Amino acid sequence: MKLLNYTSSRYLLFAALLLLISVPVFYVVLNKIFINAIDKDLFRQAEEIPLHISVINSDRDLELWKALDNDLEIMDADSVAFHAKPFTEKKPGKDKNKKDDFRILQEKKNILGKNYVIQIESSMIEKEDLTKTILLIQLGSFFFLLLGAVGINYFINKNVWKPFYESLSF
């Protein structure tokens with residue numbers, strides 16, 4: 001049985017090491033995939049901005065557009081620092097007491113002769129929930145895989161070594 005314990009402890013050590021390395025790597029890769037998907041969606045929305053600007057004929061139209069599109073902020077270009085690339089910012093979400101992560105893309109546009117920064121934002125809360133769920137599933141399946149491997153190894157080794165132990169008992 002000592003050989004079995006030695007082998008099983010090495011399997012457990014290897015599996016634990018694999019888990020410690022794979023989960024953070026998996027999280028980082030998954031996070032990058034989600035951020036890239038959100039950024040693509042933001043760029044797709046930014047491509048539609050000229051269509052909306054073309055129908056704005058007055059300040060009232062501009063105010064109506066601001067009021068109707070919740071994922072969009074239109075600010076004077078002088079009043080905000082412009083970022084050319086998408087960035088992440090913590091802002092109050094649906095629950096005003098808690099700040100959520102938002103991915104933000106800014107575009108400079110001229111509307112009715114004035115320069116504006118149009119800021120498109122997308123909540124990352126769904127990404128966080130999905131990432132946590134996927135990581136929990138990965139941890140659970142890894143745990144059951146490890147448990148199954150140890151169990152199978154135990155029963156196979158018990159049957160393989162049974163004749164040997166029986167011969168020692170004489």
- Note on the structure: ILE120: passes all of (1) in a helix (DSSP H, G or I); (2) within 25 Å of the chain's Cα centre (by Cα) but (1)
- in contact with an Asp or Glu (Cβ under 7 Å, 6 or more places away or on another chain) and over 30 Å from LEU136 (Cβ atoms) - does that describe any residue in segment 82-100? no
- Message: Can you find, within segment 56-88, the residue that is nearest to MET124 (Cα to Cα) among those that are among the acidic types (Asp, Glu) and in contact with a helix residue (DSSP H, G or I) (Cβ under 9 Å, 6 or more places away or on another chain)?
- Response: ASP71
- Message: Can you pull out every residue in segment 125-170 that is open to solvent by less than 60 Å² (accessible area, probe 1.4 Å) and among the small types (Gly, Ala, Ser)?
- Response: GLY140, GLY148, ALA149, GLY151
- Among the residues of segment 84-117, how many are part of a loop (DSSP other than H, G, I, E, B), over 17 Å from ILE49 (Cα atoms) and in contact with a strand residue (DSSP E or B) (Cβ under 6 Å, 6 or more places away or on another chain)? 1
- Task: Among what's in segment 87-120 and is of a type outside the set (A, V, I, L, M, F, W, C) and touching a Leu at 6+ places or on another chain (Cβ under 8 Å), pick the residue that is surrounded by the fewest Cβ atoms within 10 Å (Cβ to Cβ).
- Result: GLN119
- Query: Of (1) over 17 Å from the mean Cα position of the chain (by Cα); (2) within 15 Å of LEU30 (Cα to Cα), LYS98 satisfies all except one. Which?
  - Reply: (2)
- Message: Tally up the residues in segment 123-144 that are in contact (Cβ under 8 Å) with a residue 40 or more places away in the chain and either part of a helix (DSSP H, G or I) or under 16 Å from VAL23 (Cα atoms) (or both), please.
- Response: 8
- Query: If ARG10 satisfies every condition in (1) open to solvent by less than 100 Å² (accessible area, probe 1.4 Å); (2) more than 26 Å from MET124 (Cβ to Cβ); (3) part of a helix (DSSP H, G or I) but one, which is the exception?
  - Reply: (1)
- Message: Can you say whether ARG60 is surrounded by 13 or more Cβ atoms within 10 Å (Cβ to Cβ) and among the basic types (Lys, Arg), as far as the supplied structure shows?
- Response: no
- Residue count for segment 63-72, restricted to those that are among the acidic types (Asp, Glu) and open to solvent by 70 Å² or more (accessible area, probe 1.4 Å): 2
- Among (1) part of a helix (DSSP H, G or I); (2) within 32 Å of the chain's Cα centre (by Cα); (3) more than 30 Å from LEU30 (Cβ to Cβ), where does GLU166 come up short? (2)
- Residue satisfying condition, being open to solvent by less than 70 Å² (accessible area, probe 1.4 Å), free of Cβ contacts under 8 Å to residues at least 40 places away in the same chain, part of a helix (DSSP H, G or I) and not β-branched (Val, Ile, Thr), within set ALA37, ALA46: ALA37
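The values are calculated or read from the model by the stated rules, or taken from the named source; none is laboratory data. Everything quoted here is computed from the prediction, not taken from an experiment. Virtual Cβ from ideal backbone geometry, glycine too; neighbours counted across all protein chains shown. When the accessible area is computed, the model is the full protein with side chains, heavy atoms only, and any ligands, DNA or RNA have been set aside. Shrake-Rupley method; radii C 1.70, N 1.55, O 1.52, S 1.80 Å.
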